[in-house]
Every structure is written in C-alpha cells, then in structure tokens.
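Working notes for the structure below.
Just so it is clear, none of the values below were taken in a lab; they were calculated from the coordinates. Because the structure is a prediction, the values reported are computed rather than measured. So basically every Cβ, Gly included, is an ideal-geometry build from the backbone, and we count neighbours across all protein chains shown.
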Amino acid sequence: MDGSTIFWIAALMAIAAALYSSVGHGGASAYLAIMALFSVAPDTMRPTALALNLVVATFAATRFAMKGQTNWRLLAAFSVTAAPAAYIGGTIHLAPEIYRPLVGVILLGAAARLFWQPERLVARPTHAPPLAITLPSGAALGLLAGLTGTGGGIFLSPLIILFGWEDARKTSGVAAAFILLNSAAGLLGNVASVQHLPAALPILVASVFAGALLGTWLGVSRLPRHRLLQGLAIVLVIAAFKLLFT
C-alpha cells in the first residue's frame, strides 16, 4: 500500500472506530469493508480486523466496565462457548473464493443491523435468557468471529435488546467485552496469520485508538448517531457487493 492509500484507510477507520465504539462495538465489519474497498488481500484482512478490533474493544470494554455498565452474568452466558469457538474459527484457513463471499454476506448482515437499530425501541423490563439459547448462540457467533475477523458483537447486541435480556447501555458493555474476548481468541487461534499484518499496522492502530477515544468520550450523544451509523451501513453494502461480485 502506498502512502496515499494508507492515509485514506487510516482516516476512514478512525471515523468507523468513533462511531462503533460509541455503542460498544469494535468496528471490525467496517474495517473489513474499508479494506475490501481498497482491494486488500484476504490473508491480510482477517488478522488486521481482529487486531484493530482488539484495540478498540479493549478501550470500550474498560470504559463501560468502569462505569458499571457491564452485565457480567450475561457476558459469561454467551462467552463461555463463544471464546473457544472463536479460537477454533481462527485456526481454520479459508480460501479467498470462500472468504470473500462469506465476509460479503456478513457485511450485508451488519449493514442491516445498522439500518435497524433496536436500541431505539421503547424501554421494557429485562430478564435473563436461558442457557439453552445463550450457549449455542455464543458458539455460533464465536465461530463466525474467528472465521471472518469480526467480533460478533454487532449481531449479539440486537439479539439481547430484541428479546429484552438487558437495556441498551448495559448491552453495549456486554458487546464490547464479548468482542474483546472473541477477537483475542480468534487471533490466538491463528497466530501464524500475524505474518500477514501490514507494515502500516501501527498507523492503523493509532487511528482507530484516536477514533475510539473520541467516540467513547462523546458517546455521540450530541450527534445524530442513528443517521451516521446508517450512512456507514451504506459503505458496508458497497463493500459487500464488491466482495460478492468481483
């Protein structure tokens, strides 16, 4: 990647990190989309997305935990199967002809989640989910996280809110920690992939950290967050079609 390409990737990733971290997400789906738009190799996309996810999710998870906004029981109910599954997913090598369409479908799902934001639903009483649901759901999301380089949180949070298992703020805390665990496990499961990390990784890490710092500080409470996230969803759709049809 030349200097101009790195600049634009870093700038776009900083914006994505600011938006995603404001709701407790790591931003992996956006990082994958951005790299897809710039035709980054699949072998580089997965470890890079996981590494950047790890940076942003660590910051976001710490912030929410310090504010007492993490439901640890709910986190454990999903993570006990998610983390091992993410590790297993990380050990599996996917050929580009499989990885690209898989990530394309994941990006379309992530875009749909950004267009439909269930945290804006009317508040209602919450209740703990049964383990018969959390354990297999966690395993599925964890495996997907390890295979693709995402954290799984963008799919976990609407699931939690839709079924009334926690309120929106604490859901963000659970999602951030869930992403952190899955990203670490997925990267650990494919340690050999670190050789594919780009030389510009320190620049990208600095950009997403700056974005996360801004996003978690603002909470994007003064900004039309749902409109910004929907705008980001359009980018995900474009990148998904690029992966699926090129």
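A few points about this structure:
- The charge dipole of the stretch 52-158, taken about its Cα centre with unit charges on the Cβ atoms of Lys, Arg (+1), Asp and Glu (-1) only, comes to about 340 debye.
- As a length-normalised measure over Cα pairs under 8 Å and 6 or more apart, the relative contact order of the chain settles at 40 percent.
- Gained length - Ile234 relative to Val105, 0.36 nm times residue gap less alpha-carbon distance: 45.0 nm
- Computed 3J(HN,Hα) for the stretch 155-167, one whole-Hz value per residue from the Karplus formula 6.51 cos²θ - 1.76 cosθ + 1.60 where θ = phi - 60°, is 9, 5, 4, x, 5, 5, 6, 4, 9, x, 8, 6, 7, glycine and proline marked x.
- In terms of the mean number of neighbouring beta-carbon atoms within 10 Å, the peptides 129-135, 23-29 order highest first as 23-29, 129-135.
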